[in-house]
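Chemist: First, the structure itself, so that you have it in front of you.
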Amino acid sequence: MGKNNALEALVKITNEKLGYEPATPSEFNELLRRIKNTTGDSLSLSSVKRLWGYVKYNGDFSHTTLNILVRFNGMKDWESFKRNIEKDVAVTNDEDSGFHPDTMVDTGKYNPGDRFELSWNDGKGCEMECVEHMRFRVLKSQNIKLKEGDIVTLHTLCIGHPIYISDIQRGDLHFASYIGAKKSGLQSITDA
């Protein structure tokens, strides 16, 4: 796959994570803020505008810039992102389905006592601890409807997509399901 196709895929994945395509200075500044908050690294406004095609640019983008943007999307680095995109294109060109390289976490990998943090838009998120296979206790809750102490079932997490939780137990109460990050999708999944 050519570099341009991988760049287009990276921009598309980022737009999906944002829930919109940046087009105004405030939207690009919001993207830069989110990149800084997620990765700890900064990108310049001009670099991002060039990547999105708002400023004409015929040169190559630095690996540092590409690595930061790939990490913002929850993946390892630019080179592995390109390889995964090549595999996706080889397997399917179906716009209605596809594979998620390095962005999906099977919660079955967690053992009792393991912890992780989830975050999404507007300072929302939580910290969870595995209590048994695919069952988790909410340890901390920030600006979301899940409460500390809730016990939930969670099968899969995917950067850029909503979080789907089932079988929520809150003391004597039982809730069938919860959907979080509907608009923005998960921004980060961090082992604690």
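Chemist: How many residues are in contact (Cβ under 8 Å) with a residue 12 or more places away in the chain, in a loop (DSSP other than H, G, I, E, B) and surrounded by fewer than 17 Cβ atoms within 10 Å (Cβ to Cβ) if we restrict to region 145-161?
Modeler: Applying the first criterion (in contact (Cβ under 8 Å) with a residue 12 or more places away in the chain) to region 145-161 yields 145-147, 149-161.
This time we only want the ones that are in a loop (DSSP other than H, G, I, E, B), so: 145-147, 149-150, 154-155, 160-161.
In the following step, the residues that additionally are surrounded by fewer than 17 Cβ atoms within 10 Å (Cβ to Cβ) were identified as 145, 147, 149, 155.
Going through region 145-161 one residue at a time, the tally reaches 4.
Chemist: Taking the stated definitions as given, is residue 171 under 17 Å from the mean Cα position of the chain (by Cα) and outside the structural domain of residue 16 (by TED's automatic domain parsing)? It would help to see each step written out before you state the result.
Modeler: On the way: under 17 Å from the mean Cα position of the chain (by Cα): no; outside the structural domain of residue 16 (by TED's automatic domain parsing): yes.
No: the conditions fail for residue 171.
Chemist: Another one. Just one of the numbered conditions (1) more than 20 Å from the chain's Cα centre (by Cα); (2) modelled with pLDDT of 90 or more; (3) surrounded by 14 or more Cβ atoms within 10 Å (Cβ to Cβ) is not true of residue 132; which one?
Modeler: Every condition holds for residue 132 apart from (3).
The values are calculated or read from the model by the stated rules, or taken from the named source; none is laboratory data. These numbers were taken from a predicted model, which means no experiment stands behind them. Don't worry about glycine lacking a Cβ; one is built from the backbone with ideal geometry, like all the others, and counts go over all protein chains shown.
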